[in-house]
1. Hey, any hits in segment 1-10 for a residue that's in a strand (DSSP E or B) and more than 16 Å from the chain's Cα centre (by Cα)?
2. Within the set of pairs 6+ apart or on separate chains, which have a first residue in segment 76-90 that is over 11 Å from residue 126 (Cα atoms), a second that is modelled with pLDDT under 95 and surrounded by fewer than 18 Cβ atoms within 10 Å (Cβ to Cβ), and C-beta atoms under 9 Å apart?
3. Checking residue 122 against (1) over 23 Å from residue 166 (Cα atoms); (2) in a loop (DSSP other than H, G, I, E, B); (3) touching a helix residue (DSSP H, G or I) at 6+ places or on another chain (Cβ under 9 Å); (4) without any contact (Cβ under 8 Å) to a residue 40 or more places away in the chain: exactly one of these is not met. Which one?
4. Restricting to segment 72-89, count the residues that are in a loop (DSSP other than H, G, I, E, B) and buried (at least 17 other Cβ atoms within 10 Å of the Cβ).
5. Which number in (1) at pLDDT 95 or above; (2) assigned to a helix (DSSP H, G or I) marks the one condition that residue 176 misses?
């Protein structure tokens, strides 16, 4: 399904249930961009979706989803989920994402150029596709993150890895560490939200 040279793989992460993976690659990465990866391969449940990611700083990849844009997509998705199930745990994810967003530098336009619409698949959500120009992110239409598509936890893993790398490269930027801590909190809360959506309890859970 995925053909990536081992030397190009920067990191591999899995969702808490072990069902989806995220592969971070150095393919076509230039050193002066100041990023640990550029390409990200997301397991959609039936295939792999490759997306470019840029940190959104002055020294960064020239194209791809910025970290702020990915935060906005997650915030919009969690707002839909909170409206769908107010006691389902999405509010805790939203609060952590809001804290992370407040730590990110300004500079992109309101909405960051992201648009949303239906993907044609049955879903309790009004939209399951986010895009910006030629970039597209088809999200899983299922609140329990069991159907085909990118699940929110995977996007949080992308943010967590990027902010970890950025914080290590610029340890003097306190806001980057704070943003990473907030994303880690959102990741833990999302694991709980999925457990609730799957009919389980809301016991505390830590990201793997």
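The values are calculated or read from the model by the stated rules, or taken from the named source; none is laboratory data. Bear in mind that the values here come from a model prediction, so they are computed numbers and not experimental data. Note that we place each Cβ from the backbone using ideal geometry, even for glycine, and neighbour counts take in every protein chain shown.
1. First pass over segment 1-10, keeping only residues in a strand (DSSP E or B): 9-10.
Still in the running and more than 16 Å from the chain's Cα centre (by Cα): 9-10.
Yes, the conditions are met somewhere in segment 1-10.
2. Correct list of pairs: 89/202.
3. (3)
4. Going residue by residue through segment 72-89, those that are in a loop (DSSP other than H, G, I, E, B) are 85-89.
Keeping just the survivors that are buried (at least 17 other Cβ atoms within 10 Å of the Cβ) gives 88-89.
Qualifying residue count for the region: 2.
5. For residue 176, the exception is condition (1).
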